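**Student:** I'd like to ask some things about the structure below.
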Amino acid sequence: MRAAVVRAFGGPEAVEIAEVAVPEPGAGQVRIKVAAGALNPVDLAVRAGLFGGAGKTLGLGWDVAGTVDAVGVAAAWRVGDEVVALADGVADPLGSHAEYVIVAADAVAKAPATVDAVHAGTLPLNGLTALQALDLLDVAPGGSLLVTGAAGAVGGFAVQLAAHRGIEVTGVAREADAELVRSLGAAPVTAGEVAPGSVDAVLDAAVLGGPALAWVRDGGAFAAVRGGALPAPERGIRTENVWVRPSGPQLAELVRLVDEGVLTLRVAQTYALEEAAKAHARLSAGGVRGRLVLVP
């Protein structure tokens, strides 16, 4: 089968399409025939060597939407099931940007019924990150949350999830994205004009760090979505990194919210698997609203 891999770190030109063996599922695993999977900044980081693995062949891709193709022992899925899943692993030899991928059976959820595979393939990584960040922050209904990077993938999901929970949401974004952020359910702030100590919690999807921490009230909460971007705690504020983890039940909850119209799945452009390097170059250039999706 074909798979997008990196054998030597570098820019988009480091992405190769390799011929590799079709993987076989072990106990508690399923093999998915991939229909689509989004390209994410973490893939650029893997390609650049930020997670290590020098001298190895590293697979790319975390998001997957497709069809169960084979099941291992004790895997509670059937061949033919249409599913979504998170294929995590930053230094593994195979990711979801391939024709087939192996994932743990408990990382899988039934695919949304109301969208196609291309849109479904944008949900797992960023949706789970946003959901798990909100769970860490633990803002009660009626409380206040500020989301930086509110027009982005994680930020946009976080705004919609928080608003659905009855949380008062403020989104920090560019002026050009103000209307989008408003449509997601937040009152947009376009230049960071936020009063110090004015919100119960901040989800820092834009990696602003210390300046965003200043907006949290004494004793509030702060979550960062990138390792190494967590400011030192102060004023009794609880600070945490969000380390996304696969969860079939949480992914199923996100799928339900997609089908109910609570969550919006945004696709900017699709690329064939052979165009993976081109997709990497486009994402590296910045300014993308919606996801770039690889379609084997």
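The values are calculated or read from the model by the stated rules, or taken from the named source; none is laboratory data. This one's a predicted model, so the numbers in the text were calculated from it and none came from an experiment. Heads up, the Cβs are rebuilt from the backbone with ideal geometry, glycines too, and the neighbour counts pull from every protein chain shown. These accessible areas exclude ligands, DNA and RNA; they are computed on the full protein's heavy atoms, side chains included. Shrake-Rupley method; radii C 1.70, N 1.55, O 1.52, S 1.80 Å.
**Student:** For the range 139-151, what does the Karplus curve 6.51 cos²θ - 1.76 cosθ + 1.60, with θ = phi - 60°, yield as ³J(HN,Hα) per residue in whole Hz, taken in order and with x for Gly and Pro?
**Tutor:** 7, 6, x, x, x, 10, 9, 10, 10, 7, x, 5, 8
**Student:** Per residue, how much accessible surface does the range 1-146 expose to a 1.4 Å probe? Answer in Å², no decimals.
**Tutor:** Result: 38 Å² of accessible area for each residue.
**Student:** Can you give the accessible area of Asp106, probe radius 1.4 Å, in Å² rounded to 10?
**Tutor:** Surface open to solvent at Asp106 totals about 110 Å².
**Student:** Can you give me the Rg/Rh ratio for the range 65-147, using Cα atoms for both radii and the Kirkwood formula for Rh?
**Tutor:** That ratio is 1.05, to two decimals.
**Student:** May I pose another question? So, for the range 166-233, what is the accessible surface per residue at a probe of 1.4 Å, expressed in square angstrom?
**Tutor:** I get 45 Å² per residue for this part.
**Student:** Can you give the Rg to Rh ratio of the range 98-141, both from alpha-carbon atoms, with Rh computed by the Kirkwood formula?
**Tutor:** 1.06
**Student:** Can you put Phe157, Phe51 in order of accessible area, largest first, using a 1.4 Å probe?
**Tutor:** Phe51, Phe157
**Student:** Okay, next question. What is the set of long-range amide H partners of Val202 at a cut-off below 5 Å, with H atoms built 1.01 Å from backbone N?
**Tutor:** Under 5 Å from the amide H of Val202 lie the amide H atoms of Leu146, Ala221, Phe222, Ala223, each far enough along the sequence or on another chain.
**Student:** What dipole magnitude, in Debye to the nearest 20, does the chain give about its Cα centre under +1 on Lys/Arg Cβ and -1 on Asp/Glu Cβ?
**Tutor:** With Lys and Arg at +1 and Asp and Glu at -1, about 220 debye.
**Student:** Any idea what the alpha-carbon Rg over 2.2 N^0.38 Å comes to for the range 1-143?
**Tutor:** This ratio for the range 1-143 stands at 1.09.
**Student:** Could you estimate the translational diffusion coefficient of the chain from the Stokes-Einstein equation, with Rh from the Kirkwood formula over C-alpha pairs, at 37 °C and 0.692 mPa s, in whole µm²/s?
**Tutor:** Rounded, D is 169 µm²/s.
**Student:** Scan around Leu39 for amide H atoms under 5 Å from its own, H built in the peptide plane at 1.01 Å from N, and keep only partners 5 or more places away or cross-chain.
**Tutor:** Under 5 Å from the amide H of Leu39 lie the amide H atoms of Leu292, Val293, Leu294, each far enough along the sequence or on another chain.
**Student:** Moving to a separate point now. Report D for the range 165-220 in µm² per second (integer): Stokes-Einstein, Kirkwood Rh on Cα pairs, 20 °C, 1.002 mPa s.
**Tutor:** D, rounded to a whole number, is 182 µm²/s.
**Student:** Assuming R0 = 30 Å, can you tell me the calculated FRET efficiency for the pair Ala229 and Arg182, based on Cβ-Cβ distance, to the nearest 0.05?
**Tutor:** 0.70
**Student:** Could you give me the ³J(HN,Hα) list for the range 51-62, computed from phi with Karplus coefficients 6.51, -1.76, 1.60 and θ = phi - 60°, whole Hz, x at Gly and Pro?
**Tutor:** 10, x, x, 4, x, 10, 8, 10, x, 10, x, 10
**Student:** Moving to a separate point now. Assuming 0.692 mPa s and 37 °C, estimate D for the range 135-208 with Stokes-Einstein, Rh taken as the Kirkwood radius over Cα pairs, in µm²/s.
**Tutor:** For the chosen part, D equals 280 µm²/s.
**Student:** Over the Cα atoms of the range 216-296, what Rg and Dmax result, in angstrom?
**Tutor:** When restricted to the Cα atoms of the range 216-296, Rg and Dmax are 17.8, 51 Å.
**Student:** Mind checking which aspartates and glutamates have their Cα closer than 17 Å to the Cα of Lys278? Skip sequence neighbours fewer than 8 apart in that chain.
**Tutor:** Cross-link targets: Glu13, Glu16, Asp43.
**Student:** Per the 1.4 Å probe, what fraction of the accessible area of the chain, in percent, lies on carbon and sulfur atoms?
**Tutor:** 53
**Student:** What ranking, highest mean first, results for peptides 186-196, 264-274, 144-154 when packing means the other Cβ atoms within 10 Å averaged over each residue?
**Tutor:** Going by the mean number of other Cβ atoms within 10 Å, highest first, we get 144-154, 264-274, 186-196.
**Student:** What whole-number distance in Å separates the alpha-carbon centres of the range 65-133 and the range 21-35?
**Tutor:** Centre-to-centre distance over Cα atoms comes out at 10 Å.
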